[in-house]
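Taking it in order: structure first as structure tokens, then the write-up.
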Amino acid sequence: CERQDGRPFRQRLLVVANRLPVSAVRRGEDSWSLEISAGGLVTALLGVKEFETRWIGWAGVNVPDEIGQKALTKALAEKWCIPVFLDEEIVHQYYNGYCNNILWPLFHYLGLPQEDRLATTRSFQSQFAAYKKANQMFADVVNMHYEEGDVVWCHDYHLMYLPECLKNHNNNMKVGWFLHTPFPSSEIHRTLPSRSELLRSVLAADLVGACTRILGIEGTPEGVEDQGRLTRVAAFPIGIDSLRFQNALLVPQVQEHIKELKERFSGRKVMLGVDRLDMIKGIPQKILAFEKFLEENPNWRDKVVLLQIAVPTRTDVPEYQKLTSQVHEIVGRINGRFGSLTAVPIHHLDRSLDFHALCALYAVTDVALVTSLRDGMNLVSYEFVACQEAKKGVLILSEFAGAAQSLGAGAILVNPWNITEVAASIAQALNMSAEEREKRHQHNFHHVTKHTAQEWAEMFVSELNDTVVEAQLRTSK
Ligand code: ADP
Ligand code: F6P
């Protein structure tokens, strides 16, 4: 939050997101440690430096007692964070249930989980009620900390009901809402029992934004009119703080790690996947495509290794637990099939890597595999490009990730469902000439370093400021 150069901040920004940038781990009755949270939302927002930011959200932990809540509030205040305390039942119904079991798969075109489709249908009403209750709890905390002139920036599908709660309390509040996931086509969206209520509530915001085109909301170039109120709707492509990654590569500890990794995998090309362990990331499909590549290219079998680093996420949701076992089973089978006593083709880690270790891995990678079945943007692809100035490795990228629109010309685009095509792309990437790699990398590097997280936030906030001024002018006429 603090500016290094002493210049005044432009504006106070209240970021409201389900997830705080740090997650809390209890160490004692009144002591907490804070760990950086995983995910693109956190990565992007941490790259925004030019606003005086307060972040309101859930610390990822149940804190039923007052002593614990007080201590955690104090620890978070040092990071400019303000907690929303959600009890276990609300988390179960709102976060695990409505957000992650209903909205998340629906917004990514995956449908409801097959096995518990009926159970989900039955629990829908109570989960939606919990969703609204949780959103109101976020609104209450915002209202407590709001100061006149603040910009309130709500994030993601967890908080679609929030703009309405905020505007009901104070219609003059400047409220923007940004979606980090794809917005489903209206044919998909209309299956949602709460479809109109959610959309109406989002349209209570002054500005609605998303990474890519918002298909479900039809409107004019000025926005969407609902009950006499005009809401601006636009796409604001997100980015990363690319300099942070480039600078990290200069740190001696990272250089040392790069050297170790090069020695460890010398004589082999390194392929890399970095994902939250989520069904939208297409991890089983990616690994099966790699297996097909090994099957069809015996000459490559001892010359290539796939490192798949998958941080566990939403581990209380059964669909995610099933995914973990499925990935382990496939990796074990392929390593059994193609491995030897001294080497295995796939190294799979279920864990989060620290920032420096991640940068070193990106830097030694020859081919990155981003094969999401759907993805809002996918910032891993941006991070990889930012760390590849020396190596100029190849990015294999799903055509269903938002990043395909920005990095498509430099990447090899694939349909992640088509394992034959992905296997062929792996061969193409590994055999690509240095000139071709250089050309593709330059295209992507230019984009990633130009369209940063800071630019994204500035565009959103300035559009929000303008929208509110225009609305005031319209009503005063
Ligand atoms: P999402 O928001 O769906 O998680 P993104 O690709 O946009 O997808 O962002 C993922 C973020 O989480 C990136 O900043 C990436 O570095 C980080 N991340 C993902 N997996 C890991 C991991 N295993 N270890 C460390 N960071 C990770
Ligand atoms: O948009 C994807 C998202 O929901 C982001 O909000 C966040 O970056 C990521 O998934 C992490 O998910 P969670 O907060 O459920 O761990």
Mean-position separation - Cα centroids, region 377-454 and region 279-293, in angstrom: 17
Compute, for region 110-269, the length of the dipole vector about the Cα centre, with Cβ point charges of +1 (Lys, Arg) and -1 (Asp, Glu) only. Units Debye, rounded to 20. 600
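Per residue Cα convex hull volume for region 57-135, in cubic angstrom?
On the way: hull volume 7.7 nm³, N = 79.
In region 57-135, the Cα hull volume divided by residue count equals 98 Å³.
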Which of the aspartates and glutamates could be linked to K392 by a straight reach, that is with a Cα gap under 14 Å, when you skip same-chain ones fewer than 8 residues away? D366, E383, E435, E436, E438
Proximal lysines to K391, defined as alpha-carbon separation beneath 27 angstrom and excluding residues fewer than eight positions away on the same chain: K259, K262, K269, K281, K286, K292, K303, K439, K450
Please go through region 336-386 and write out the trypsin sites (Lys or Arg not before Pro) that DSSP classes as loop and that have at most 13 other C-beta atoms within 10 Å. R351
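D for region 220-334, whole µm²/s, Stokes-Einstein with Kirkwood Rh over alpha-carbon pairs at 4 °C and 1.567 mPa s: what number? Could the numbers behind the result be given before it?
On the way: Rh = 18.4 Å.
The Stokes-Einstein estimate is 70 µm²/s.
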Relative to the longest principal axis of the chain, what angle (0 to 90°, nearest 10) does the C-alpha long axis of helix 283-296 take? 20
Bin width 10 Å, alpha-carbon pairs only: give the P(r) of region 125-177 as whole percents, running from 0 to the bin holding the largest distance. 26, 57, 15, 2
Loop-resident GluC sites (Glu not before Pro) in region 73-118 with no more than 13 other Cβ atoms inside 10 Å, DSSP not H/G/I/E/B, are E78, E115
In nanometres, the difference between 0.36 nm per residue of separation and the alpha-carbon distance of Q442 and A119 is 111.3 nm
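With the Cα gyration tensor of region 1-131 giving a ≥ b ≥ c as the square roots of its eigenvalues, does the rule (a/c under 1.5 for rounded; else a/b larger than b/c for prolate; else oblate) give rounded, prolate or oblate?
It is oblate, given that a/c is not under 1.5 and a/b is not larger than b/c.
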At 7 Å along Cα-to-Cβ for each site, give me the label-to-label distance between A434 and H92 in nm. 6.1
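Please state the relative contact order of region 6-151 as a whole percent: Cα pairs under 8 Å, 6+ residues apart?
Details: 183 pairs, mean separation 39.0, N = 146.
27 percent.
With only Lys, Arg, Asp and Glu charged, each at its Cβ (+1 for the first two, -1 for the last two), find how big the charge dipole of the chain is about the Cα centre; round to the nearest 20 debye. Display every interim value, and only then the final one.
On the way: 50 positive and 57 negative charges, 133 e Å.
The dipole magnitude comes to about 640 debye.
Normalised by the residues of the chain, what does the relative contact order come to in percent, with Cα pairs under 8 Å and at least six apart?
Numbers: 871 pairs, mean separation 68.0, N = 477.
With pairs under 8 Å counted, the relative contact order is 14 percent.
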Provide the net charge surrounding N168, with neighbours chosen by a C-beta distance below 14 Å and charges set as Lys +1, Arg +1, Asp -1, Glu -1. +1
Of the trypsin sites (Lys or Arg not before Pro) in region 263-313, those whose Cβ has at most 13 other Cβ within 10 Å and which sit in DSSP loop: K303
If I model region 262-307 as equal point scatterers sitting on the Cα atoms and use the Debye formula, what is log10 I(q)/I(0) at q = 0.14, 0.18, 0.30 Å⁻¹? -0.40, -0.62, -1.09
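Starting from the Cα gyration tensor of region 274-351, take the square roots of the eigenvalues, sort them a ≥ b ≥ c, and report rounded, prolate or oblate (rounded when a/c is under 1.5, otherwise prolate if a/b is larger than b/c, else oblate).
Working: a/c = 2.34, a/b = 2.11, b/c = 1.11.
In terms of gyration-tensor shape, prolate.
Counting each DSSP H run of 4 or more residues in the chain as -39500 (n - 2.57), what helix-only mean residue ellipticity at 222 nm follows after dividing by all residues, to the nearest 500 deg cm²/dmol?
Details: 17 runs with 203 residues, N = 477.
Rounded to the nearest 500, it is -13000 deg cm²/dmol.
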With all pairs of different alpha carbon atoms counted, what Kirkwood hydrodynamic radius in Å does region 328-477 show? 17.8
Which whole-number percent gives the relative contact order of region 85-222, counting Cα pairs below 8 Å spaced six or more residues apart? 23
Assuming R0 = 51 Å, can you tell me the calculated FRET efficiency for the pair A235 and S325, based on Cβ-Cβ distance, to the nearest 0.05? 0.85
Label-point separation (nm) for E187 and Q69, each offset 7 Å from Cα along Cα-to-Cβ? 4.7
Report the extension gain between N62 and S266 in nm, rounded to one decimal, defined as 0.36 nm multiplied by the number of residues separating them, less their alpha carbon distance. 68.9 nm
Which of rounded, prolate or oblate describes region 383-445 when judged by the alpha-carbon gyration tensor and an a/c cut-off of 1.5? oblate
Multiply the residue gap between L473 and K79 by 0.36 nm, knock off their C-alpha separation, and tell me the result in nm, one decimal place. 138.1 nm
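Read-outs: derived from the displayed coordinates by stated rules, not from any lab. Model, not experiment: these values are computed from the prediction. Positions of Cβ are backbone-derived with ideal geometry, glycine not excepted, and every protein chain shown enters the neighbour counts.
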